[in-house]
Structures are given as C-alpha cells and as structure tokens.
Amino acid sequence: IQAKGLSSAQELIRNRDFNGAYGGPIKKDTLWFYSSYRVWGVDQTIPNAFYNADPTNRTYKPDLNRQVVDDNLIKSALLRLTYRKGPHKLAAYVDSIVKFRGHEGSANTLEEAYGKRLPKNYYTSSAKYTGTLTNRLLVESGLSIEQNSYSTQDPEETLIPGSIARTEITGVAGGAPAGGIWSANATPRLLRMPNIAYSWLTSVSYVTGSHSFKTGLTYGWGRIKRQQSLVGDLVQRYSQGKPNSVIVYNTPTISEVDNNYDIGVFAQDSWKLNRLTLNPGVRFDAFNSYYPAQTSPAGRFVPAR
C-alpha cells in the first residue's frame with residue numbers, strides 16, 4: 001500500500017465515553033424523574049491527510065509531520081418525567097444532543113479543505129398519556145418531536161481570503177472544502193428554520209376475555225430546509241500541479257421540502273371462538289409532501305432565481 005502512495009495509515013488517537021445517571025421520586029407514588037448526561041467521541045487520524053506546509057496557501061505541499069485528526073465530540077443530556085394518579089399516567093422525555101466534528105471529509109486532502117461541523121443542538125422528545133379508564137378500556141395518546149439542524153463552517157470566517165477549492169487529479173485536495181458548505185438553520189441571513197418532524201398517535205383499546213378491539217390514528221408532519229454554498233462557486237482541478245479544468249456550481253442553493261401530512265387511520269379486531277381466532281382489520285393511509293415557492297440568491301455564475 002505504501003508503494004501505491006500511502007504515506008500514513010489511520011491511527012486511533014483517543015476514545016472516550018463518560019456518562020452518569022440519577023433518578024428517583026419527586027413526590028412519593030405520584031411523580032418520578034430520571035436524568036442522564038453523556039460525553040463521548042473517537043479521534044483518529046485520516047489516511048494521507050496533512051496540513052499545508054505553505055502557510056500562505058499559494059502552494060499545496062503536505063507537511064508529512066502534521067497529520068489531520070478526525071476529531072469529534074458528542075454531548076447528550078436526557079431528562080424523563082413520569083406522573084401517575086389513579087388510572088392516569090403521563091410520561092415525557094427530552095434528549096438534547098450537541099455534536100462537534102473538527103474535520104469532516106475524505107482521505108488525500110489537505111487540512112484546509114475539510115469541513116468543520118459546528119456545535120448545533122439536536123433534540124428528540126416525546127410525551128405520552130395512558131389512561132386505564134376501566135378494566136376493559138385503555139386510551140393512549142402521544143406526541144413526539146425531532147429537530148435535526150446542522151452546519152459546516154462558514155468560509156467567510158475561517159478560510160484564507162482568496163481560497164478556492166482545489167483538487168489534484170493525481171494527488172491531494174486543498175484550498176477549501178470541495179464538498180461545499182452545508183447548513184440547516186446555520187446562516188441567519190439565509191436560513192431561519194430548522195429541520196423538524198412531528199408525530200402524533202392516539203388509540204383506544206377495548207379488551208374482554210375472548211374479544212379485543214383497537215382503533216386509532218397516526219399523524220405526522222414536518223419540514224426539511226437546507227443550504228449549500230461553495231467558496232468561489234467552483235472547484236479547480238489540477239494534474240501534477242498544472243491547471244486542468246474547473247467544475248462550476250450554481251451555488252448558493254436553498255431548498256425546502258414540506259410534509260403536509262402522513263396520516264393513518266386503523267381499526268382491528270380479534271375474536272376467539274374455541275380453537276378458532278378471527279383477526280379482521282382495516283387501515284387507510286395518506287401522504288402529502290410538496291416543494292413550496294422558494295428562492296436562492298445570486299452566485300458567481302447564476303442570477304438570483
């Protein structure tokens with residue numbers, strides 16, 4: 001592999017995982033809590049990835065003594081509450097996650113061309129009600145919410161002025177992230193809405209010794225919105241140090257997809273007659289998703305549209 005050009009292999013630098021949990025009753029026989037906090041991450045070197053030996057960024061010479069490390073850290077804080085009073089029970093939780101990744105990309109790339117995933121708050125949460133109204137009747141209803149927004153570094157703040165993404169057909173990439181700068185709810189001047197999904201479920205069950213019936217409704221809705229930009233709106237391609245070609249892009253681009261509804265209505269029954277069991281059921285599903293009217297600002301090669 002070294003004869004084929006591998007200068008440095010992947011090496012594990014650090015693997016850590018710290019976590020703790022604590023819980024108990026807030027009010028005896030009525031209200032309980034559970035909480036946990038976790039920090040974990042794995043840092044490892046990236047094969048054939050080095051810092052640029054030229055601090056002016058005018059040449060692309062790997063510094064073989066400074067290998068790039070894929071460094072990352074995830075933090076998660078969770079809180080769960082459970083309330084019970086007579087036949088009624090309510091449980092809710094939220095899990096808040098912050099993720100950082102210092103060098104996001106592939107091998108054979110100079111350090112300056114890696115994306116940097118900035119710390120952003122993700123979260124998942126849910127709340128559910130359960131009511132045992134009689135010894136035969138059960139009611140359940142719940143809502144869950146998941147928010148997932150992220151961003152990679154803003155080139156205007158982190159890159160050397162004049163940097164353009166550069167790839168060497170027979171060597172390494174440098175200059176700026178060739179994959180572009182991605183964000184969701186990351187750049188206030190362009191985006192203000194995160195990626196978010198909602199899901200709601202409610203059902204009623206009636207159970208006897210030989211008969212059980214259940215009917216309910218599921219309903220989901222949400223949004224995905226993201227932006228991609230590229231430094232200079234192009235990638236320069238070189239062959240053994242000589243200009244070869246360029247790839248031009250229509251960046252910056254902004255796209256949004258909305259999910260109006262993902263709905264399901266169902267009813268199912270079960271009858272037991274001696275050794276015979278009948279399980280009839282019916283379900284209706286409908287899904288509606290669309291692209292709303294949207295715009296993207298002007299780039300180097302395209303007008304605002």
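Looking at the range 14-133, the strands (runs of 3 or more DSSP E) lying wholly inside it that each contain 2 or more residues that are surrounded by 13 or more Cβ atoms within 10 Å (Cβ to Cβ) and touching a Pro at 6+ places or on another chain (Cβ under 8 Å) sit at 31-52, 88-104, 115-132. Restricting attention to the range 139-154 and to residues that are more than 30 Å from Val204 (Cβ to Cβ) and open to solvent by less than 30 Å² (accessible area, probe 1.4 Å), the residue that is modelled with the highest pLDDT turns out to be Ser149.
Does Trp40 satisfy the criteria of being in contact (Cβ under 8 Å) with a residue 40 or more places away in the chain and within 30 Å of Gly142 (Cβ to Cβ)? Give the derivation first.
Values: in contact (Cβ under 8 Å) with a residue 40 or more places away in the chain: no; within 30 Å of Gly142 (Cβ to Cβ): yes.
Spelling it out, it is not the case that Trp40 is in contact (Cβ under 8 Å) with a residue 40 or more places away in the chain and within 30 Å of Gly142 (Cβ to Cβ).
Would you be able to say whether some residue in the range 101-109 is more than 30 Å from Gln240 (Cα to Cα) and at pLDDT below 90? Within the range 101-109, one or more residues are more than 30 Å from Gln240 (Cα to Cα) and at pLDDT below 90.
For the range 251-305, filtering for residues that are open to solvent by less than 70 Å² (accessible area, probe 1.4 Å), free of Cβ contacts under 8 Å to residues at least 40 places away in the same chain, within 24 Å of Trp200 (Cα to Cα) and more than 21 Å from the chain's Cα centre (by Cα) leaves 4. If you go through the range 114-150 and keep only what is in contact (Cβ under 8 Å) with a residue 60 or more places away in the chain, touching a Phe, Trp or Tyr at 6+ places or on another chain (Cβ under 6 Å) and under 19 Å from Ser76 (Cα atoms), you end up with just Lys120.
Got at least one residue in the range 238-247 being under 31 Å from the mean Cα position of the chain (by Cα), under 30 Å from Leu143 (Cβ atoms) and surrounded by fewer than 17 Cβ atoms within 10 Å (Cβ to Cβ)? The answer is no; no qualifying residue exists.
The values are calculated or read from the model by the stated rules, or taken from the named source; none is laboratory data. Just so it is clear, the model here is predicted, and its values are computed rather than measured. Note that we place each Cβ from the backbone using ideal geometry, even for glycine, and neighbour counts take in every protein chain shown. Just the protein is used for accessible areas: all its heavy atoms, side chains included, with ligands, DNA and RNA removed. Shrake-Rupley method; radii C 1.70, N 1.55, O 1.52, S 1.80 Å.
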